[in-house]
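Engineer: Here it is: the structure, laid out below.
Each reported figure results from applying straightforward, stated rules to the coordinates on display, with no laboratory input. Everything numeric in this text was worked out from a predicted model, so none of it was measured. Cβ: placed from backbone, ideal geometry, glycine included. Neighbour counts: every protein chain shown.
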Amino acid sequence: MHLLIANILLGRFSTHVLPSDPMTTIAFISMIAILLIAAGIVTRLKRWNWLWKEWITTVDPKRIGVMYLIVSMLMLIRGGSDAILIRAQQLTGVGASSGIMPTATFQQIFSAHGTIMIFFVAMGFLFGIVNLVVPMQIGARDVAFPVMNAASFWLFFAGMAIANTSLGIGFFSAAGWLSYPPLSELRFSPGVGVDYWIWSLQIAGIGSMLSGINFVVTILRMRCPGMKLMRMPMFVWSVLCSMTLVMFAFPILTVTLALLFLDRSLGTHFFTIGGGGNMMMYVNLIWAWGHPEVYILVMPGFGIFSEVVATFSRKPLFGYTSMVAALGAITILAYTVWVHHFFTMGAGTDVNAVFGIATMIISIPTGVKIFNWLATMYRGRIHFASPMYFFMGFVVLFTLGGVTGVILAVPGLDYQLHNSLFLVAHFHTMIVSGVLFADFAGLIYWFPKIFGFTLSEKWLKRSFWCWFVGFILAFAPLYVLGFMGVTRRMSHYAASTGWQPLFAVAAAGTAIIAVGVAIQVGLFVGSVRTRHARRDLTGDPWNGRTLEWALPSPVPAYTFAITPVVHSRDPFWEAKEGREPDPLQVTATHPYDDIMLPMNTPTGFFIGMGGFLVGFSMVWHMYWLGALAAILCIVMLVHRTSSTDDSEYVIPKELLTGTGRSAKGGVAA
Amino acid sequence: MGHKRGILGVRIVSIAVLSLGGVYLSYRYLSSVSIPVLEPKGRVALEQYHLLLFAVILSLFVVIPVFAMLFGFALRYREGSHGRYEPRQASSTRVELVWWGIPALLILVLSIVTWTSTNALDPYRPLAPASHTVTVDAVSLDWQWLFIYPAEHIALTNRLVIPAHENISLHITSDGPMNGLWIPQLAGQIMAMPGMETQLNILANSNGTFEGLSSNISGVGFSSMTFPTHVVSQSEFRSWAASTRNRARTPLTMPSFTELAKPRIDHAVQYYSVPESKLFQQIIMNVMKGEGVPRVTA
Ligand code: HEM
Ligand SMILES: [Cu+2]
């Protein structure tokens, strides 16, 4: 009887849940230590109240964006540490030596690396930059659903927390970042690992889906007067396309994960062969989400580089219409190629050939984008600030990665290269250049706008060189290893293969990347300390073109003192050239007005914490707690939507006088 | 200025020395190791190799212009150089048509090649008439390979022996999670999936020993699922099969298979006689009925 009650209350949670191997124990202890130190600092500085009022309960997309960036940077360090461990294992697991860690740990580490890098680094940077930049670029003060936006962030945070909790309580999935059945079914992966993976993605994924809806609505409904669709900055277009993909792709992920969890918890047979299910269904579903996901990540990267290359070439983006058409084509085609991830699972030749060709067709609009960027540089006056370095690195790597992608898209070649390190090298080339480099460029580019000071160009360039050279050393050997028939996720190999030198080079490259990351962290700290000397007083440090550069740096809470009006694609540039009025000009017919802003609320935070509780209790089969937390989340939502009276505050227009610009261009008195 | 030039010179020289050293070391290294995908010994792998060369050469038509323009424009139009500056140039239908068109043409060519090569390299397509075909049933277990020769009535684990110049028709399934059967020097990989049968045809052009492996993660023992593939002459193969049949003491039946299929990480090569020629189908049926070998991964 007691046991039954304990079972119901605690599910599978027992004292055997703490980590057993030294590696994860150390990782977990250091994580706890870092958290405690952070909490200590906050207490010491008496900043808890500030943290709660200004950040945790905020609904300002700028602050939410900053929080996304902080989490992503921390997760880049976590995922990067995983990468170093993977490299160390493959360097040492040779011949008689089984390497520095048990295989079971190794498999958890690469699964965690992939999951964390995609969901909590790439997606986090993406949503961070989108939150910071999109409202400013379309002349809006806010997003369409500010509280939902906060909830999205806290759900993302909860998913991150669930994945990291597995370090200390239980263990993580060892079935790879996409956890194919039957390996991920209960029979082959008993215990909580795969469930941690499921619920981490499930909770974060719901947050992403809500963000997708939020930004599509924001972009479609909240543009300032004059900003027609075909006048939107290219970054906004890329986000619109990406978020449209999110809206349609993430529900597939949610359903797929739910079905897998049902298989694992209630013994259903959606994907288990034995009960009449079929693993192929899972593979199809997960890639029907997974392929769009890679374009969700990379399209905003394209958008960022479009802004960067135009600004630093001092020319309008070449072929705007082509660029929009290319994004549109990619958005649609992204749904038509998922089968290229499993040519080797026995599909017929016609199916394989059709999906191979569909995949190659996507490279046409992608190629067009590259040519348009190059044409933007043509007859420009290129200023090589650090974002341009990342752009140059991106074009080099992305072109080569694109070639290897087209090679993999030929089914006859994929038979030889699928699941090899060639594939691993290919997707890292695309993701690191198209997503990480783009996010870095975007961060550097918009940093002064958000924080009011610039970063050290000298160290930024050094960090670029570490990333670029390190990347080539870390991944060029992997292409060769792929040709040598080395499969991915391999923990051990024979010494006679002669592979070890290449793994050594790859490890050295990874170390150089790690130096790059250390430089990035260091330069950030250094630049903060010297920020008074680096103030961006003009609001326009790069000689920018689009609306956001017309704003002062850092941007005030209300973003725009008056509603801007635009007349072209590059309104600020045109205004600086004297061809158009200043978009933020205050005139008699366009005066200051009261500004309404949403009030801070802890709703989003509580929903996120509820999400964490749902995920955590489902992992441990404490169903009652999961259900309770889910109900609480819903109650909070209903409560929030039914009490709208005190949700906004007003900044009276009298307070704004002097913050906009007069007709002469200076600050109005 | 002169000082700056000096530093630049030192940099260029050291980068040149480093890259030359790198090229030399890579060359030394690469000529000392085997690169199976680029050293094909089977008919399919050879065609795949040619296809690879074709795709790489075709892609140079994009890579070279892109790199030339990227670095050319970067040099010519950088701040402080004397390149022409046209701050308002923003589009040109003619030029844009060119770069929608040229990639489209290249992809058209590659699509045609893809269509024909996908058919030519169809792993299900026999490479020789039935009279010159040896059938092998491959079953991936946790974590080893079982190869059954139904016509020869023998089976062995973790080693594949096949005749050269004959079509080897592999029928593949898994009794555990998904694995991938891959012998890079002979042909591309095909997944081994539980409850399902996939096929792969191989034709080896020369005798020798070629490494085979599992290309898909299936649990803790997956990295050790390698198996040597011995390609021997046809007569050697027949006599090997006959002697194995005589020597093999243990018959492989459902009970002994169940014993064999228990999870283990080792590399023992074991020989069996196979009295029942439908064993492979039985294994698949059992998995489909949910009666596969129950197990728990470590
Ligand atoms: C920053 C430097 C990085 C290094 C050195 C690195 C290294 C690695 C290594 C060694 C593997 C395992 C290869 C194998 O299976 O044998 C791996 C897998 C993977 N990486 Fe990275 N990685 C890096 C960045 C990233 C980024 C930025 C992302 C995505 C945003 C990413 C996503 C993945 C994924 C999805 C996998 C597959 C995991 C699996 O097999 O389930 N990586 N990486
Ligand atoms: Cu894909």
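Engineer: So what is the calculated 222 nm ellipticity per residue for chain B, using -39500 (n - 2.57) for each DSSP H run with n of 4 or more, over all residues, to the nearest 500 deg cm²/dmol?
Structural biologist: Using -39500 (n - 2.57) per qualifying helix, the result is -14000 deg cm²/dmol.
Engineer: Quick one: compute a quarter of the convex hull surface over the Cα atoms of chain B and quote it in nm².
Structural biologist: Spelled out: convex hull of the Cα atoms, projected over all directions, averaged, 24.0 nm².
Engineer: Show me, for the stretch A:57-70, the HN-Hα J-couplings you get by feeding each phi into the Karplus relation (A = 6.51, B = -1.76, C = 1.60, θ = phi - 60°), rounded to Hz, glycine and proline as x.
Structural biologist: Computed from phi, the couplings for the stretch A:57-70 are 9, 5, 10, 7, x, 5, 6, 4, x, 4, 5, 4, 5, 5 Hz.
Engineer: Using modelled amide H (1.01 Å from N, peptide plane; none on Pro or chain starts), what sits under 5 Å from the amide H of B:Val136, excluding residues fewer than 5 places away?
Structural biologist: B:Ser169, B:Leu170, B:His171
Engineer: Next question, about the same structure. Mind ordering B:30-43, B:246-259 by average Cβ neighbours within 10 Å, highest first?
Structural biologist: Answer by packing, highest mean first, reads B:30-43, B:246-259.
Engineer: Here's another thing I want to ask about it. Rounded to the nearest 500, what is the 222 nm mean residue ellipticity of chain A from helices alone, with -39500 (n - 2.57) per DSSP H run of 4+ residues and division by all residues?
Structural biologist: Numbers: 21 runs with 413 residues, N = 669.
Mean residue ellipticity, 222 nm, calculated: -21000 deg cm²/dmol.
Engineer: Now, a different point. Express the relative contact order of chain A as a whole percentage, based on alpha carbon pairs under 8 Å and six or more residues apart in sequence.
Structural biologist: The value is 18 percent.
Engineer: Would you mind checking which residues have amide H under 5 Å from A:Ala144's amide H? H placed 1.01 Å from N; only 5 or more apart, or other chain.
Structural biologist: Excluding prolines and chain starts, which carry no amide H, the hits are A:Thr218.
Engineer: From the phi angles alone, apply the Karplus equation (6.51, -1.76, 1.60; θ = phi - 60°) to the stretch A:141-151 and give each ³J(HN,Hα) in whole Hz, x where the residue is Gly or Pro.
Structural biologist: Rounded to whole hertz, the list is 8, 7, 9, 5, 10, x, 6, 4, 4, 5, 4.
Engineer: Using the alpha-carbon centroid of each, what span in Å lies between the stretch A:447-478 and the stretch A:18-83?
Structural biologist: Centre-to-centre distance over Cα atoms comes out at 23 Å.
Engineer: By per-residue mean of other Cβ atoms within 10 Å, what is the highest-first order of A:44-53, A:340-349? Numbers along the way, then the final one.
Structural biologist: Numbers: A:44-53: 11.0, A:340-349: 20.6.
Packing proxy ranking, top to bottom: A:340-349, A:44-53.
Engineer: Determine, for each peptide in B:93-104, A:459-470, the mean count of other beta carbons within 10 angstrom over its residues, then list the peptides with the highest first.
Structural biologist: Packing order, densest peptide first, comes out as A:459-470, B:93-104.
Engineer: So what's the angle, to the nearest 10 degrees on a 0 to 90 scale, between helix B:2-30 and the longest Cα principal axis of chain B?
Structural biologist: That helix lies at roughly 20 degrees to the long axis.
Engineer: Then there is this: Could you give each residue of the stretch A:541-548 its phi-based ³J(HN,Hα) in whole Hz, using Karplus coefficients 6.51, -1.76, 1.60 with θ = phi - 60°, and x for Gly or Pro?
Structural biologist: x, 10, 6, x, 10, 9, 3, 4
Engineer: Got the relative contact order for the stretch A:394-485 handy, in percent, Cα pairs under 8 Å and 6 or more residues apart?
Structural biologist: 40
Engineer: Let's see if you can work this out: charge +1 on each Lys and Arg Cβ, -1 on each Asp and Glu Cβ, no other charges. What is the dipole magnitude of chain A about its Cα centre, in debye to the nearest 20?
Structural biologist: In total the dipole reaches around 1360 debye.
Engineer: With angles folded into 0 to 90 degrees, how steeply does helix B:93-120 sit against the dominant principal axis of chain B? Use alpha carbons for both and round to 10.
Structural biologist: Helix B:93-120 sits roughly 20 degrees off the main axis of chain B.
Engineer: By its C-alpha gyration tensor, with a ≥ b ≥ c as the square roots of the eigenvalues, how is the stretch A:162-207 shaped: rounded for a/c under 1.5, else prolate for a/b larger than b/c, else oblate?
Structural biologist: Oblate.
Engineer: Using Cα centres only, tell me the gap between the stretch B:141-162 and the stretch A:173-194 in whole Å.
Structural biologist: Rounded to whole Å, the Cα centres lie 28 Å apart.
Engineer: How long are the semi-axes of the ellipsoid equivalent to chain A, from square roots of 5 times the Cα gyration tensor eigenvalues, in whole Å, largest first?
Structural biologist: Working through the eigenvalues yields semi-axes of 40, 31, 24 Å.
Engineer: Treating only the Cβ of Lys, Arg, Asp and Glu as charged (+1, +1, -1, -1), what charge dipole size does the stretch B:167-279 show about its Cα centre? Round to the nearest 20 debye.
Structural biologist: That gives the stretch B:167-279 a dipole magnitude of about 280 debye.
Engineer: Still on this structure: Around A:Ala140, under 13 Å between beta carbons, what's the net of Lys plus Arg minus Asp minus Glu among the other residues?
Structural biologist: Its environment carries a net charge of +1.
Engineer: For the stretch A:508-564 and the stretch A:575-643, compute the distance between their C-alpha centroids and round to whole Å.
Structural biologist: Computed from Cα coordinates, the inter-centre distance equals 25 Å.
Engineer: On a 0 to 90 degree scale, rounded to 10, what angle separates helix A:103-116 from the longest Cα axis of chain A?
Structural biologist: 20
Engineer: Shielding by partners for A:471-481, please: the mean number of other protein chain Cβ atoms within 10 Å of each residue's Cβ.
Structural biologist: 1
Engineer: Taking the Cα atoms of the stretch A:568-632, what is the range of coordinates along each of the three principal axes, in descending order and whole Å?
Structural biologist: 66, 26, 12 Å, listed from the longest principal axis down.
Engineer: How well do other chains shield peptide B:116-129, expressed as the mean number of their Cβ atoms within 10 Å of each residue Cβ?
Structural biologist: The per-residue average across the peptide is 4.
Engineer: So for the pair A:Ser496, B:Ile265, with labels modelled 7 Å out along Cα→Cβ, what separation do we get in nm?
Structural biologist: Going from the A:Ser496 label point to the B:Ile265 one covers 2.1 nm.
Engineer: Can you sort A:Cys224, A:Cys633, A:Cys241 so the residue with the fewest Cβ neighbours within 10 Å comes first?
Structural biologist: Sorted ascending by nearby Cβ count, the order is A:Cys224, A:Cys633, A:Cys241.
Engineer: Let me ask something else. When the C-alpha atoms of the stretch B:186-298 are aligned to their principal axes, what extent does each axis show, in angstrom, from largest down?
Structural biologist: So the extents along the principal axes, rounded to whole Å, are 41, 31, 25.
Engineer: Which residues' amide hydrogens lie under 5 Å from the amide hydrogen of B:Ala192, considering only partners 5 or more residues apart or on another chain, with H built in the peptide plane?
Structural biologist: The answer is B:Asn179, B:Gly180, B:Leu181.
Engineer: Per the Kirkwood definition applied to all pairs of different Cα atoms, how many angstroms is the hydrodynamic radius of the stretch A:43-83?
Structural biologist: Final number for the Kirkwood radius of the stretch A:43-83 is 11.7 Å.
Engineer: Please give the average number of partner chain Cβ atoms lying within 10 Å of the Cβ of each residue in B:208-216, rounded to a whole number.
Structural biologist: On the way: counts 0, 0, 1, 5, 1, 5, 3, 12, 10.
That works out to 4 on average.
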